[in-house]
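Written out below as structure tokens is the structure these notes cover.
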Amino acid sequence: MPPLEALLWDVDGTLAETERDGHRVAFNMAFTRAGLGWRWDDARYGALLHVTGGRERLLADMANRADAPAARPAREDLARTLHASKNAAYAWLVAQGRITAREGVVAVIEAAHAAGLRQAIVTTTSRVNVEALLPRLLGSRWATRFATVVCGEDVARKKPAPDAYQLALALLHLPPSRALAIEDSPPGVAAARAAGLAVARRPSHYFAGEPTPAGPLTLAALRAGFERGALS
């Protein structure tokens, strides 16, 4: 087995419980600000997470709403407006300290940096959301911990398509056999696998029924699993 050279981190649900504690709440704030009586409860938002991308989730939800605009162009305009409002609300929630890192995440990022492993952010969320969250989790040093940051704006297709991971590997000049993806959701796992990567699953709140690794998240455990070929 080739040595592990890089960790590729998903963001939402992986670094922090951003979906439950941030994006869902922010979408509901955006609906209120727009004067809409819509609300995504925990169950509805969990179902919508199988659609990747916030604007795409809005469109999927509107397709089943009698009170949404009937014409597709009008729906797309509303989705863009709501998504921008949601991102602003999300940034506010992050700034208020409402979202914290999942257990072990910061320690692994710091240990990997100290060990000389390269790291990347590989997400299909918006860059503005990444730039709001990462300084809160890691402080001003956050950009020094990641060799590259791939976001939703950077690829033609979002997860579960492999585009984001393929781009990150190309930017790192690494074959997939030397990197490990860390993901919380089935679409993310599918994207990493399609790019030829081993995947360490760390299911988040909305994917609690997915296979869960035993023990805490540590760099030693990630290395051991990778070297044994035990990660899917």
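Values in this text are rule-based calculations from the coordinates and carry no lab data. The model shown is predicted, which means the values in this text are computed figures rather than measured ones. Counting neighbours? That spans all protein chains shown, and the Cβs are built from the backbone with ideal geometry, glycine included.
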With P3 itself left out, Lys, Arg at +1 and Asp, Glu at -1 over residues whose Cβ is under 15 Å from its Cβ give +2
With only helices counted (DSSP H, runs n ≥ 4, each -39500 (n - 2.57)), the per-residue ellipticity at 222 nm for the chain, to the nearest 500, works out to -13500 deg cm²/dmol
Options [x] 55, 34, 32; [y] 48, 44, 37; [z] 66, 59, 39 for Cα extents along the principal axes in Å; the value derived from the coordinates is listed as [x]
Taking a label point 7 Å from the Cα of D42 along Cα-to-Cβ, the residues of the range 67-109 whose backbone nitrogen sits under 12 Å from it are none
Going fewest to most other Cβ atoms within 10 Å around each Cβ, D12, D42, D67, D21 line up as D67, D42, D21, D12
Length gained, A88-A224, 0.36 nm per residue minus C-alpha separation, equals 44.9 nm
Here the residues of the range 146-185 lying in the modelled label zone of A208, meaning backbone nitrogen under 17 Å from a point 7 Å along Cα-to-Cβ, are 184-185
For A34 and A115, extending 7 Å from Cα along the Cα-Cβ vector and measuring point to point gives, in nm, a value of 4.4
In degrees rounded to 10, the 0-90 angle between helix 163-172 Cα long axis and the longest Cα principal axis of the chain is 40
For Q96 and T144, extending 7 Å from Cα along the Cα-Cβ vector and measuring point to point gives, in nm, a value of 3.2
Rounded to one decimal in nm, the spacing of the 7 Å Cα→Cβ label points at A74 and A190 is 3.2
Taking only the alpha-carbon positions of the range 31-87 as identical scatterers, the Debye log10 I(q)/I(0) at q = 0.12, 0.17, 0.28 Å⁻¹ comes out as -0.25, -0.51, -1.45
Between E5 and D67, the FRET efficiency computed from the C-beta separation at R0 = 41 Å comes out, to the nearest 0.05, as 0.20
For the range 1-55, one quarter of the surface area of the C-alpha convex hull, expressed in nm², comes to 5.4
Residue span V51 to D21: 0.36 nm per residue of separation minus Cα-Cα distance leaves a gain in nm of 9.0 nm
So the angle from the long Cα axis of helix 72-95 to the longest Cα principal axis of the chain, reported in degrees to the nearest 10, equals 60
Cβ-Cβ cut-off under 14 Å around T14, Lys and Arg +1, Asp and Glu -1: the net charge is -4
The helix 127-138 Cα axis meets the longest alpha-carbon principal axis of the chain at an angle in degrees, between 0 and 90 and rounded to 10, of 50
